[in-house]
Amino acid sequence: MISSPQDDSVARVNTSAKQKTKPVAAIIGGGPAGLAAAERLAGVAQVHVFDAMPSLGRKFLLAGKSGLNITHAEDLDLFLSRFKEARARLEPLLRGFLPDEIRSWAAALGVELFVGSSGRVFPKAMKASPLLRVWLTRLREAGVIFHPRHRWTGWADDGALTFETPDGETHFRADVSVLALGGASWPRLGGDGAWVPLLRAKGVTVNPLRPSNCGFDVAWSPHMAARFAGEPVKSVTLSFGDRSLRGDFVVTRYGIEGSAVYALSADLRDASDRDGKAVLTLDLTPDRDLERLTRDLSRPRGKASLANHLRKAAGIDGVKAALLRECLDATVFDDPAALAEAIKALPLTLIRARPIAEAISSAGGVALDELDEKLMLTKIPGVFCAGEMLDWEAPTGGYLISACLATGRAAGAGAAIYDSENGC
């Protein structure tokens, strides 16, 4: 079934032979979505998984390096709301593999999970590697065949899938295909978006890939960038538009990043793309209201320096004090009421999102209206899409992996139905 272009007659013989047994399914992409599709098709098809990298699940492994956040245990309606504009299209697919079912699936693989205080669900081992290892073993036992170092390059004139390999170009004939090629974040792990022109050449609408769950550039002073890069800013409330959340972020040499920033990143990115900037509002003392803070800052400071006064009266020091100096005019520090207002609503101007290669995930991708309800491309019958290459985005917190698993299973199920209905 895999051949060089010169071995076309052999490929035709092999294809004819396999049609007397099971249909052949090609899964392109060995991340969570692709493996979930392979799992769904195993047993009903001869499943071949292709990946450009030397080993599978590399981004999955890196995402789980500091604790694999596999799903979330919050109320289902709240969970579904995290997918924002894509919710209506994704909800039937997400309901096909609910967070509780993901937890049961992991348990069946022998992976013990726990629910963190935030509702995030993690393996007790706090790593992705044990889960991936046993998952791949189970898939191999189910007959799935893996082909690493196979970079998909499109279709030959006769419809065969084409791949670039260390041994040259090779062709593969499949009855159904599932594309699970990811977005364009972390390209060194395989997600480089090289598939975009291949689908556009077939007339498929692919919306531009953009960074999601990403950091942002800030025009720091040289002192701020040199002195405070890597410093966490803890227990603050971040606000943008009509959204506010409490959390932490990190100052970097170029700007800011971290979980609280990622949660707002879609709106911040859209605003900065549209307006050339986005102004994030920080409450540096969320446990102290404005009236109390004004009163505390109005106390006579005597011979104490401004830095000591801020530390003793408001609990502001270190990187928080540096943020005040970066963002405020010097005259504000002479007015306790104005300073208190600034501490409670500090404007931090973000210039732009960081490059997509640094982002945790991607927005954009295959337009959802290019797919039928089973995730088949309407313009390329027999070809299904899943995972991050679809045009949806969600915050970190288990939502990304959950949706990749759910859409992968849905695409696998759709491929199985298509094959049976078309007599492949």
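Which of the residues belonging to region 88-114 are modelled with pLDDT of 95 or more and among the β-branched types (Val, Ile, Thr)? The answer is ILE102, and nothing else. Annotation note: of ALA219, ALA225, the sole residue that is assigned to a helix (DSSP H, G or I), surrounded by fewer than 21 Cβ atoms within 10 Å (Cβ to Cβ) and either at pLDDT 95 or above or touching a Cys at 6+ places or on another chain (Cβ under 6 Å) (or both) is ALA225. Which of the residues belonging to region 312-360 are within 18 Å of TYR262 (Cα to Cα) and among the acidic types (Asp, Glu)? Of everything in region 312-360, just one residue is within 18 Å of TYR262 (Cα to Cα) and among the acidic types (Asp, Glu), namely GLU358. Can you find, within region 362-398, the residue that is surrounded by the fewest Cβ atoms within 10 Å (Cβ to Cβ) among those that are of a type in the set (Val, Ile, Thr) and more than 21 Å from the chain's Cα centre (by Cα)? Only one residue fits best here, namely THR378.
Residue count for region 374-424 satisfying the condition of being touching a His at 6+ places or on another chain (Cβ under 9 Å) and basic (Lys, Arg): 0. No other residue among ARG253, ARG301, ARG288 is in a loop (DSSP other than H, G, I, E, B) and under 21 Å from ALA229 (Cα atoms) apart from ARG253.
Of the helices (runs of 4 or more DSSP H) lying entirely inside region 17-117, those carrying at least 3 residues that are more than 21 Å from ARG133 (Cβ to Cβ) and assigned by TED's automatic domain parsing to the domain that holds LEU405 are 76-81, 87-95, 99-108. When LEU293 is tested against (1) more than 19 Å from ARG246 (Cβ to Cβ); (2) over 25 Å from the mean Cα position of the chain (by Cα); (3) surrounded by 16 or more Cβ atoms within 10 Å (Cβ to Cβ), only condition (1) is not met. Of the residues making up region 349-370, those that are in contact with a Gly (Cβ under 9 Å, 6 or more places away or on another chain) and assigned to a strand (DSSP E or B) number 8.
Picking from residues in region 406-424 that are in contact with a Pro (Cβ under 7 Å, 6 or more places away or on another chain) and over 10 Å from VAL44 (Cα atoms), the one that is modelled with the lowest pLDDT is CYS424. When you look at GLU326, is it acidic (Asp, Glu) and under 24 Å from GLU393 (Cα atoms), yes or no? Answer is no for this residue. Remark: pairs (first residue in region 307-328, part of a loop (DSSP other than H, G, I, E, B); second residue of a type in the set (Ser, Thr, Tyr); Cβ separation under 8 Å; 6+ apart in sequence or on different chains) = GLY315/THR285; ILE316/THR285.
The values are calculated or read from the model by the stated rules, or taken from the named source; none is laboratory data. Here the structure is a predicted model, which means the values were calculated and not measured. Counting neighbours? That spans all protein chains shown, and the Cβs are built from the backbone with ideal geometry, glycine included.
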